[in-house]
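Engineer: Please find one structure pasted underneath; my questions will follow.
The values are calculated or read from the model by the stated rules, or taken from the named source; none is laboratory data. No experiment lies behind these values; they were computed from the predicted model shown. Areas reflect the complete protein model, heavy atoms only, side chains present, ligands, DNA and RNA absent. Shrake-Rupley method; radii C 1.70, N 1.55, O 1.52, S 1.80 Å.
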Amino acid sequence: GRGEKPYRDIVLLNAAAAIYVAEKTPDIIEGLKLATAALDSGAAKKSLEKLDFAEVTHFLSPEECMNHLHENPDIVTIDYLLPGMNGIELMEKIKNYNQDIQCIVVSGQEKLDVVIETYQKGAVDYIIKNDNALVNLENSVKNLCKTVKLKQENETLKDQVIDRNKYTSILGNSGPVF
């Protein structure tokens with residue numbers, strides 16, 4: 001829709017700057033062309049979708065992400081530079097909604113204080129936008145999916161043990177009927 005255009009422009013400019021800073025293009029205009037092609041082709045989304053156990057939903061704004069938290073995602077990837085707030089602020093809102101949502105922050109920020117604050121506020125990973133960012137993101141999501149699956153299995157087993165033991169206290173010690 002029309003309201004998405006400013007957000008798309010911010011995403012593209014952020015990506016173009018990261019591509020230029022990573023020295024993938026000679027100038028930011030070329031970076032913008034490359035970022036536009038990558039966004040339009042859905043390269044990052046496609047990379048994550050090839051993980052057969054991941055369902056990927058893309059949001060163009062923090063508000064749109066917040067409006068879908070009721071879907072209780074297991075993992076959320078967050079860009080640091082967002083329209084209206086930074087990634088740490090969005091992550092705090094996500095964590096206030098549900099502490100179990102795993103957050104990965106992706107950023108061109110290499111400032112140590114930003115990285116430290118991101119981890120202190122609850123990020124499970126911080127990926128710097130560089131040549132390896134897509135591979136690092138894919139690996140991080142794979143590892144987190146394994147962790148989430150193990151937690152879910154653990155909860156299921158706990159529930160089964162509780163269910164199995166809840167009737168032991170109502171059985172008596174009466175003798176045989178015959």
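Engineer: For segment 83-153, which whole-number percentage of the solvent-accessible area (1.4 Å probe, protein heavy atoms only) is attributable to carbon and sulfur atoms?
Structural biologist: Numbers: 1910 of 3950 Å².
That share works out to 48 percent.
Engineer: Now for a different question. Using a 1.4 angstrom probe and counting only protein chains, how large is the accessible area of T147 in Å², to 10?
Structural biologist: Number for this one is 60 Å².
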